[in-house]
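In what follows, a structure is listed as structure tokens, so that the remarks can point back to it.
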Amino acid sequence: MPTDILNSSNVVVRDDLNLALNVAWTEIAQVGAWLSAEQRIAIASEARQAWDCKLCQRRKEALSSYAINGEHDHAGALPDYWVEAVHRIVTDSGRITESWYDSMIAAGFVEDEFIELLSLTTIVTCVDVFVRGLGHAPIPLPTNADAGTPARTRPGGVKVGPGWAPTVAPEDAGPELGNFFDTGHQFIRRSLTLVPDELNRFWNLMNPLYMANPGVDELEGIDRAISRAQIEFVATRVSKYLDCFY
């Protein structure tokens, strides 16, 4: 569990963030909305495997990653196109294209499965990077998968756009999304609305890691050890380094 790691760190971690990290890690082994607990654990393991994949390293160094063919170094627990999705999200997300996304759907992904895989892969990467920043080795992945079958149901009001995948617009949101859109900043928050359960898991971690809406608009009074200006400076430098242009 992350709490054992975080409690042994010389860096004091806020209680809300500590809780969010623990919950996110526990949920890896829970049944998802579209994926089984076993699939979720396998995806989490593959997200770590991606960092050491020689094909991904060659692609990262190439002018065009799509010109580099080969086989991923992988754990063997997922279909090849799932491995491709996880590895590219982890190692080269800045160059993902619509045609690549379309190829994943053509390969066999149900769009809802892809959204859950995307969220889970991102959550695992965020926790791993956070723990690495504290100077610790990666936290062991959960091994006891919960029993159960995913419900595999869609929310109402689903339409394709504004990106490549189906989403739910604020004006079409039903009870599955609760008051999710009430805090504004709707465009980026809309991206995972195809799978409301995973949407909530994602933002339950991301909000403590950065700041929850509507706090993102507040310039003072943020409960952090560094100032808002320092937060934005760090965020800007990290975004530049990772080619995040949003």
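The values are calculated or read from the model by the stated rules, or taken from the named source; none is laboratory data. Not measured: the values here are computed from a predicted model. Positions of Cβ are backbone-derived with ideal geometry, glycine not excepted, and every protein chain shown enters the neighbour counts.
Residues that are farther than 22 Å from N207 by Cβ and of a type in the set (A, V, I, L, M) occur in the range 44-55; there is at least one. Quick check on the range 134-150. Is at least one of its residues surrounded by fewer than 14 Cβ atoms within 10 Å (Cβ to Cβ), at pLDDT below 90 and over 30 Å from N7 (Cα atoms)? No: the range 134-150 contains no residue that is surrounded by fewer than 14 Cβ atoms within 10 Å (Cβ to Cβ), at pLDDT below 90 and over 30 Å from N7 (Cα atoms).
Every condition in (1) modelled with pLDDT under 95; (2) within 18 Å of the chain's Cα centre (by Cα); (3) outside any helix (DSSP H, G or I) holds for V13 except the one numbered (2). Taking I5, is it in a helix (DSSP H, G or I), at pLDDT 95 or above, buried (at least 16 other Cβ atoms within 10 Å of the Cβ) and of a type in the set (V, I, T)? Judged against the criteria, I5 is not a match.
If the condition is being of a type in the set (D, E, K, R), in contact (Cβ under 8 Å) with a residue 24 or more places away in the chain and farther than 14 Å from W100 by Cβ, then the range 53-64 contributes only K60. Filtering the range 46-64 to residues that are over 18 Å from the mean Cα position of the chain (by Cα) and either surrounded by fewer than 12 Cβ atoms within 10 Å (Cβ to Cβ) or modelled with pLDDT of 95 or more (or both) leaves D52, C53, K54, L55, C56, Q57, R58, R59, E61, A62, L63, S64.
For the range 65-104, a residue qualifies if it is without any contact (Cβ under 8 Å) to a residue 24 or more places away in the chain, loosely packed, with under 13 Cβ neighbours inside 10 Å and not acidic (D, E), and the qualifying residues are A67, N69, G70, G76, S99. Scanning the range 171-191 for residues that are in contact with a Lys or Arg (Cβ under 9 Å, 6 or more places away or on another chain) and at pLDDT below 90 yields F180, F181, T183.
Put simply, of L219, L194, L199 the only residue that is modelled with pLDDT of 90 or more and either at positive phi or not in a helix (DSSP H, G or I) (or both) is L194.
Yes or no, residue by residue, for (1) farther than 18 Å from A24 by Cα; (2) among the polar types (S, T, N, Q); (3) within 21 Å of the chain's Cα centre (by Cα):
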| position | (1), (2), (3) |
| --- | --- |
| L117 | no, no, yes |
| C126 | no, no, yes |
| V160 | yes, no, yes |
| P170 | yes, no, no |
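Answer with yes or no whether Y241 is modelled with pLDDT of 75 or more, exposed (fewer than 11 other Cβ atoms within 10 Å of the Cβ) and among the hydroxyl-bearing types (S, T, Y). Taking the combined requirement at face value, the residue satisfies it.
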